Amino acid sequence: MEGLTEFLPISSTAHMRISENLLGIHNEDAFTKLFTIAIQLGAILSVVVLYWKKFFTFKNFSFYIKLMIAVIPALIFGKLFSDRIDAILEKPFIIAIIMISGGFIFLFIDSIFKNPEVHNEEEIKPLTAFKIGMYQCLAILFPGLSRSAATIIGGMSLKLTRAAAAEFSFFLAVPTMLAATGYKLLSFAGENGGFEDSQIKLLLIGNVVAFLVALLAIRFFIQFLQKHGFKVWGYYRIAVGILILILTYAGIIQS
C-alpha cells in the first residue's frame with residue numbers, strides 16, 4: 001500500500017489507516033508504528049532509480065541546492081509539530097475530512113492554474129523551490145492531505161506544468177522522507193537497543209515490496225497525469241474520505 005499510494009496525490013496515510021484496520025493491525029506497539037514509516041525507504045529508492053541521471057549527474061549542483069532549500073521547512077515543521085502529527089494520525093474523522101477537502105480542490109485545479117511557464121526542474125528557481133517546500137508543510141500539519149498533493153498543488157500555483165510539479169514532488173520526497181525515516185529508525189534503535197532479526201526481515205520485505213510497487217506507480221502517474229489531469233484523483237479522494245467516515249461510524253476503523 002505504501003509503494004502504491006506514496007507518490008499519488010491520494011494520501012498514503014489514509015490508505016495505510018484503512019489497510020491496518022481491515023487487516024487487524026492497530027499500531028499498538030512501537031515497531032508496528034515504525035514499520036509503516038520505515039517502508040518509505042523502498043519508495044524513496046524507486047525515485048532515485050527512475051531518475052538516477054538527475055541524482056547522480058553531479059555537474060548540476062543547482063539541483064541539489066534546490067532540494068536542500070525546499071526540504072528545510074519540512075525539517076523544521078516536522079520537528080516542531082511531531083507530537084501534534086502523531087495525535088492527528090489517531091483521528092480517522094479528521095483524516096477523512098482532509099481527504100474530502102483535498103478531493104474538491106483536485107476537481108478544479110486544472111481549470112484554476114492555467115498557462116504554466118515552468119516546464120522542467122532546470123527552470124525552477126531556488127525561491128520557487130522554497131515555496132514548494134512550504135506547501136509540503138501543509139501535508140505535515142494535516143495528515144490526509146498527502147505530501148505529493150500539497151507539493152503538486154503548490155508547484156502548479158507557482159506556474160509549473162502538471163508533469164514538472166509532479167516530478168519535483170518526487171525529487172523532494174527523497175530528502176524529506178529520508179530524514180523522517182532515518183530519524184524514526186535511529187530513535188527506535190536507541191530506545192529498544194537495536195532491532196531483532198525478525199524485525200529486520202520484516203523491514204527488508206516491506207521495503208522491497210514498496211520499491212517495486214512504487215516504480216510502477218510513478219511511471220503510471222506521470223503518463224496518466226499528462227493525458228487526464230487531476231479530476232479523477234479528486235473523485236477518488238472524496239470516495240475514500242467518505243469510506244473512512246462510514247468505516248469509522250461502523251466501528252471497523254478505530255477512532
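Read-outs: derived from the displayed coordinates by stated rules, not from any lab. Since the model is a prediction, treat every value here as computed from it, not as a measurement. Methodologically, a virtual Cβ is constructed for each residue, glycine included, from the backbone with ideal geometry; neighbour enumeration extends over all protein chains shown.
Note on the chain: with a GNM built from Cα contacts shorter than 10 Å, the maximum mean-square fluctuation among 213, 49, 71 falls on 49.
For the chain, just say rounded, prolate or oblate: build the C-alpha gyration tensor, square-root its eigenvalues into a ≥ b ≥ c, call rounded for a/c under 1.5, and beyond that prolate if a/b exceeds b/c, oblate if not.
Numbers: a/c = 1.71, a/b = 1.20, b/c = 1.42.
Oblate, since a/c reaches 1.5 and b/c is not below a/b.
Along the chain, the longest continuous region that contains none of the trypsin sites (Lys or Arg not before Pro) in a DSSP loop with at most 14 other C-beta atoms within 10 Å is 115-255.
A simple spin-label model places pseudo-atoms 7 Å from Cα toward Cβ; at residue 239 and residue 186 they are separated by 4.2 nm. Longest stretch of the chain clear of exposed loop sites (chymotrypsin sites (Phe, Trp or Tyr not before Pro), DSSP loop, at most 15 other Cβ atoms within 10 Å, sites excluded): 82-255. Taking label points 7 Å from Cα along the Cα-to-Cβ direction, residue 223 and residue 141 give a separation of 3.8 nm. The longest part of the chain holding none of the exposed loop GluC sites (Glu not before Pro), meaning those outside H, G, I, E and B in DSSP with at most 13 other Cβ atoms within 10 Å, is 118-195.
With contacts taken as Cα pairs under 8 Å and at least 6 residues apart, the chain reaches a relative contact order of 39 percent.
Rounded if a/c is under 1.5, else prolate if a/b beats b/c, else oblate: with a ≥ b ≥ c from the C-alpha gyration tensor eigenvalues square-rooted, which is region 129-230? It comes out oblate by the Cα gyration axes.
Listed by chain and number, the lysines whose C-alpha is less than 23 Å from the C-alpha of residue 159, apart from same-chain residues fewer than 8 away, are 54, 66, 114, 125, 131, 227, 231.
Which of the helices in the chain, when you take each full DSSP H run, stretch at least 24 Å along the axis at their Cα atoms and have an average Kyte-Doolittle score of 1.0 or higher?
TM-like helix candidates: 61-80, 92-112, 197-228, 231-249.
Label separation (residue 209 vs residue 249): 3.1 nm, computed from points 7 Å beyond Cα along the C-beta direction.
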